[in-house]
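A short worksheet on the structure shown next.
The values are calculated or read from the model by the stated rules, or taken from the named source; none is laboratory data. Since the model is a prediction, treat every value here as computed from it, not as a measurement. Virtual Cβ from ideal backbone geometry, glycine too; neighbours counted across all protein chains shown.
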């Protein structure tokens, strides 16, 4: 049992590392592709050079990001077989087709037009180029659609039957794809990619305003990003609330872990909002709890007296690791509130016409540049750690999903991957910061500006 | 409506198409990558890197399709094969990340010294990727020990002479493809050198392949029986000779793509020979296509999508190639 446990932990860590790394790159691809699509549309419509200059500036970052995103995504397509072969045998007939469609309908669209989008500015006409940008942006959204369908199905399985050999068999594809939690998860994720990209672009625009002369390009980046932050953050709170309400119905343990609620309060007392606590899995209670009474009921039940199922109402072996879920949720919401504040300050300053001159606001934007993606990663920890100990919720346990690979190999691979990812993370971040240190210039060149003369028929 | 047996065969064909497309397309990119490290001249290296820069990502996507397709169409084979070749696969994915970074980040390196180091890394990664892929194919042909639908081995069965030899064959083959690509896409000294190397590598690859066929026949009596069938081996020999003749004739033609296409033809032939040897097995020694297949509902669902989307995909991928086609005229700043 001991050996299985550590092979299990190593395999879980490997999945967490590979997907945690990839998800940020993939989310940045989605957000940035759509940002670039809007910029190019604005350029074609208004014909103002500034849109094209900002487009080319971010296109360089985009090119590097997509390459890394594609390469780090490959390993995930095979993770299910390498480490989770029992899950693949059990649920392959349902998860496989969703991933297959993701490649067929999305990855090829993205990858096929990527070359034209990134290197083709001087090779094809502006309309065709815009079409390529749209195809990449659309492809990125479609890929999120399919992969979240697969992910959501594992949270809220539907439309399946169980065969004689115990395997899941597809029965109704419509119900499999549009499974109960899919609409919430998909919307929440897409908005998160927009917010993550927006805080980063706002940070870059603010940095340029702080560091160099006040240029229309820096203004455009800050302004567009702050519009997105101001409008999308409140929307994200609403969607998050709906997602939470739905989770309360389908995965009550997760919400109990988020709240750190070990026992149900007495009738009518309402749920407290725990601001701080150190949940203890062994003693099954919280240490150093700081809570405001009744506020929890307000967002859980939308009243002041309602309660939710507590952790002690579930079998011990069915509850997730509470401290991780509890804290990841607080980090996510805290960062969300921070972004809400940034968006609101942005609106006020814009109204006073001081958005481009208020240096403390620019510093704030630089500081909060990673906030969106950090919040997104925390959210992923909440939902994925919170669904433990199951891979297919309620039906297949994580411990029963593992491959029969030796502990040494899994552990060795996981540690190598961790070390390798740390190195490439540092290199990638260094190159990214070096690119962003330089502000967007007038007549900003695109990636490989000479490629039009170097390839193709002259 | 085709029967369920036909559905399984069509699914196998779709999967074979995806894997073969990957080997042909990314194999060429990897070959160019391998050659990058041995080239001194900065202008030549730029031509080489730039020739694959706009297309490598789309080419690599076929590997994702192969993975998704194997899981979706033959989940049992996916679950048995991958744990058996755990380390070569992990190594291959890490090397593919190095390749992606080296290719896209090289333009951001300030000095040519740094560029050379990056290109050397790119070469090493490409070699590793090609070698691992060959080892995986070798381990598959050799057979994977399984029990109750799960891999049942120690995890080191791939580390043997046959699988490593397969790694060598694939690496040499990718070198050949890389040279043929460069012969087509470049001019001047690089063009001439690529021709010289391709002409040597063609004979070398075919010799290695012939040895591989002989070795494969000795692995299993069923392989030997299949490989000695005249209906299989005589067309294969005739086709291989024709392709080799076409390859050499291609160098005298004004159509510079001919040698590459003949070399790709040899790869298709080798792949077909492997498939014919294994058929109806998917993961030897016992797992057949039928036994590994997912249910007909899942397979039909995917084949419909494949039939509709694949022609569109091929169309715009071809267009993407065409935009950046023609001879490279590298400029070093």
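Tabulated data
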item: Any hit, the range B:41-52, residues being within 16 Å of the chain's Cα centre (by Cα) and either in contact (Cβ under 8 Å) with a residue 24 or more places away in the chain or within 20 Å of residue B:185 (Cβ to Cβ) (or both); result: yes
item: Evaluation of residue A:365 against (1) more than 28 Å from residue A:256 (Cβ to Cβ); (2) touching a residue at least 60 places away in the same chain (Cβ under 8 Å); (3) surrounded by fewer than 22 Cβ atoms within 10 Å (Cβ to Cβ) (one fails), failing number; result: (3)
item: Within the range B:1-16, tally of residues that are touching a helix residue (DSSP H, G or I) at 6+ places or on another chain (Cβ under 8 Å) and assigned to a helix (DSSP H, G or I); result: 11
item: Residue that is surrounded by the fewest Cβ atoms within 10 Å (Cβ to Cβ) [pool: residues in the range B:82-102 that are farther than 30 Å from residue A:452 by Cβ and at the interface with chain A (Cβ under 7 Å from one of its Cβ atoms)]; result: B:87
item: Checklist (1) under 30 Å from residue A:12 (Cβ atoms); (2) within 23 Å of the chain's Cα centre (by Cα); (3) facing chain B (nearest Cβ under 7 Å) applied to residue A:108, failing item; result: (1)
item: Selection from the range B:147-161 of residues that are within 8 Å of chain A (Cβ to nearest Cβ) and touching a residue at least 12 places away in the same chain (Cβ under 8 Å); result: B:149, B:150, B:151, B:155
item: Residue match in the range B:256-266 (condition: away from chain A (no Cβ under 14 Å), in contact with a helix residue (DSSP H, G or I) (Cβ under 8 Å, 6 or more places away or on another chain), at pLDDT 90 or above and within 30 Å of residue B:151 (Cβ to Cβ)); result: no
item: Among (1) in a loop (DSSP other than H, G, I, E, B); (2) at the interface with chain A (Cβ under 10 Å from one of its Cβ atoms); (3) surrounded by 21 or more Cβ atoms within 10 Å (Cβ to Cβ), the one test that residue B:144 misses; result: (2)
item: Contacts under 6 angstrom Cβ, first residue in the range B:122-143 being farther than 17 Å from residue B:283 by Cβ, partner not in a helix (DSSP H, G or I), 6 or more apart; result: B:123/B:37
item: Matching residues in the range A:55-64 - criterion: being under 21 Å from residue A:425 (Cβ atoms) and either in contact with a strand residue (DSSP E or B) (Cβ under 6 Å, 6 or more places away or on another chain) or touching a residue at least 60 places away in the same chain (Cβ under 8 Å) (or both); result: A:58, A:60, A:61, A:63, A:64
item: Every residue from the range B:52-72 that is part of a helix (DSSP H, G or I) and facing chain A (nearest Cβ under 7 Å); result: B:57, B:58, B:60, B:61, B:63, B:64, B:65, B:67, B:68, B:69, B:71, B:72
item: Matching option when the condition is within 14 Å of another protein chain (Cβ to nearest Cβ) and in contact (Cβ under 8 Å) with a residue 12 or more places away in the chain, among A:96, A:31, A:69; result: A:69
item: So residue A:156, is it over 30 Å from residue A:218 (Cβ atoms), within 11 Å of chain B (Cβ to nearest Cβ) and modelled with pLDDT of 90 or more; result: no
item: Some residue of the range B:157-168 being closer than 24 Å to residue B:282 by Cα and touching a strand residue (DSSP E or B) at 6+ places or on another chain (Cβ under 8 Å); result: no
item: Residues of the range B:157-190 satisfying the condition of being in contact with a helix residue (DSSP H, G or I) (Cβ under 8 Å, 6 or more places away or on another chain) and part of a loop (DSSP other than H, G, I, E, B); result: B:157, B:158, B:160, B:186
item: Identity of the residue in the range A:345-362, assigned to a helix (DSSP H, G or I) and in contact with a helix residue (DSSP H, G or I) (Cβ under 7 Å, 6 or more places away or on another chain), that ends up surrounded by the fewest Cβ atoms within 10 Å (Cβ to Cβ); result: A:359
item: Matching residues in the range A:400-410 - criterion: being surrounded by fewer than 18 Cβ atoms within 10 Å (Cβ to Cβ) and not in a loop (DSSP other than H, G, I, E, B); result: A:400, A:407, A:408
item: Selection status of residue A:226, part of a helix (DSSP H, G or I) and touching a residue at least 60 places away in the same chain (Cβ under 8 Å); result: yes
item: Test: residue in the range B:29-38 that is assigned to a helix (DSSP H, G or I), within 11 Å of another protein chain (Cβ to nearest Cβ) and closer than 29 Å to residue A:140 by Cβ; result: no
item: Test set (1) within 14 Å of chain B (Cβ to nearest Cβ); (2) in contact with a strand residue (DSSP E or B) (Cβ under 6 Å, 6 or more places away or on another chain); (3) within 30 Å of residue A:248 (Cβ to Cβ) - residue A:398 fails condition number; result: (1)
item: Single residue of the range A:433-451 satisfying the filter (crowded, with 18+ Cβ neighbours inside 10 Å and in a helix (DSSP H, G or I)) that is nearest to the chain's Cα centre (by Cα); result: A:436
item: Scope the range B:103-130; condition out of contact with any helix residue (DSSP H, G or I) (no Cβ under 9 Å at 6 or more places or on another chain), within 13 Å of chain A (Cβ to nearest Cβ) and either within 14 Å of residue A:67 (Cβ to Cβ) or not in a helix (DSSP H, G or I) (or both); matching residues; result: B:110
item: Among (1) surrounded by fewer than 23 Cβ atoms within 10 Å (Cβ to Cβ); (2) more than 25 Å from residue A:218 (Cα to Cα), the one test that residue A:75 misses; result: (1)
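To keep it simple, each residue is scored yes or no on (1) more than 30 Å from residue B:187 (Cβ to Cβ); (2) surrounded by 17 or more Cβ atoms within 10 Å (Cβ to Cβ).
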| site | (1), (2) |
| --- | --- |
| B:234 | yes, no |
| B:252 | no, no |
| B:263 | no, yes |
| B:287 | yes, yes |
| B:291 | yes, no |
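Residues are listed down the side, and each one gets a yes or a no for (1) in a helix (DSSP H, G or I); (2) touching a residue at least 12 places away in the same chain (Cβ under 8 Å); (3) more than 10 Å from every other protein chain (Cβ to nearest Cβ):
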{"site": "A:118", "(1), (2), (3)": "yes, yes, no"}
{"site": "A:124", "(1), (2), (3)": "no, no, no"}
{"site": "A:130", "(1), (2), (3)": "yes, yes, yes"}
{"site": "A:139", "(1), (2), (3)": "yes, yes, yes"}
